[in-house]
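Written out below as structure tokens is the structure these notes cover.
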Amino acid sequence: MAEFIGRSGADAVFKALKRICIVIVGYGPKLQVAIDLAHAASLITTEQRATAIAFVASAQGVCDIFNAVASNSGF
């Protein structure tokens, strides 16, 4: 079912996402502190804080999804 995608630019996107995922997951706790500090300083709204926290918290799951897609794409 998997079709070979090859070098269509998608491989570069997957490689970049992999690096971003490593950083977000690795620095997740520190990012959450920075987000809380920005909220406490009224630099971001409560909604923005919630969105940012959800993004950081979901990073590992999203990264796992993209890793599965990349591994099935023939790169």
Exercise. Pairs only if they're at least six apart or on different chains, beta carbon under 8 angstrom, first in the stretch 13-29 and more than 9 Å from Ala59 (Cβ to Cβ) and among the charged types (D, E, K, R), second assigned to a helix (DSSP H, G or I) and at pLDDT 90 or above; list them, first residue then second.
Key: Lys18/Cys63
Quiz item: So which helices (runs of 4 or more DSSP H) are wholly in the chain and hold at least 1 residues that are at pLDDT below 85 and over 12 Å from the mean Cα position of the chain (by Cα)?
Solution: 10-26, 46-71
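The values are calculated or read from the model by the stated rules, or taken from the named source; none is laboratory data. Worth saying up front: this structure is predicted, and the values here are computed from it rather than measured. Backbone-built Cβ (ideal geometry, glycine too); neighbour counts: all protein chains shown.
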